[in-house]
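Scroll down for the structure; my scribbles are underneath it.
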Amino acid sequence: MTIDVAVFGAGRIGKIHGRNAALHPKAKLVSVSDPHGPSAQALAEETGAAVRDIDAAVAASDIDAVLICTPTTTHADLIERAAKAGKAAFCEKPVDLSAERIRSCLAIVEKASPQD
């Protein structure tokens, strides 16, 4: 079984995580999203992924998980969007600079997570 992955952010850390996902035998990098088109295109071409905007990647049925490698101010919102869409999320640290915002994000993730 492979996990189909999208990376959000094609900067320094996004390149590292995107390349790692593309090289992992049980993962497939499907999508790269970044507002800087040339960065997204370069990482996508290198890894065999497609370029999609974040909205399309979150909505895509062919993506199981997202790697959030964007600026800190976007992390909590992207985590929440991924959770609500039923996707697993890995987020670069920190989730947010506000402890209150982190708690509200975690509450949304817990609510969206399947219960055993």
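For segment 49-116, with all protein chains in place and a probe radius of 1.4 Å, 56% of the accessible heavy-atom surface sits on carbon or sulfur. Applying 0.36 nm per residue to the separation of LEU23 and THR73 and subtracting their alpha-carbon distance, the gain on full extension is 15.1 nm. Remark: segment 1-75 carries 52 Å² of accessible area per residue (probe radius 1.4 Å; ligands, DNA and RNA excluded). 3J(HN,Hα) couplings calculated from phi for segment 10-25 with the Karplus curve 6.51 cos²θ - 1.76 cosθ + 1.60 (θ = phi - 60°) are, in sequence order, 10, x, 3, 6, x, 5, 4, 5, x, 5, 4, 5, 5, 8, 6, x Hz; Gly and Pro show x. Working note: 222 nm ellipticity from helices only, DSSP H runs with n ≥ 4, each -39,500 (n - 2.57), summed and divided by the residues of the chain, gives -14500 deg cm²/dmol to the nearest 500. Evaluating kT/(6 pi eta Rh) at 25 °C and 0.890 mPa s, with the Kirkwood radius of the chain over Cα pairs in the Stokes-Einstein relation, gives 174 µm² s⁻¹.
Potential lengthening of the chain between LEU97 and GLU46 amounts to 15.1 nm, from the contour at 0.36 nm per residue minus the alpha-carbon distance.
In angstrom, the C-alpha Rg and Dmax of segment 15-62 are 10.2, 28.
The values are calculated or read from the model by the stated rules, or taken from the named source; none is laboratory data. Since we're looking at a predicted model, the values are computed, not measured. Accessible surface areas use protein heavy atoms only, side chains included; no ligands, DNA or RNA. Shrake-Rupley method; radii C 1.70, N 1.55, O 1.52, S 1.80 Å.
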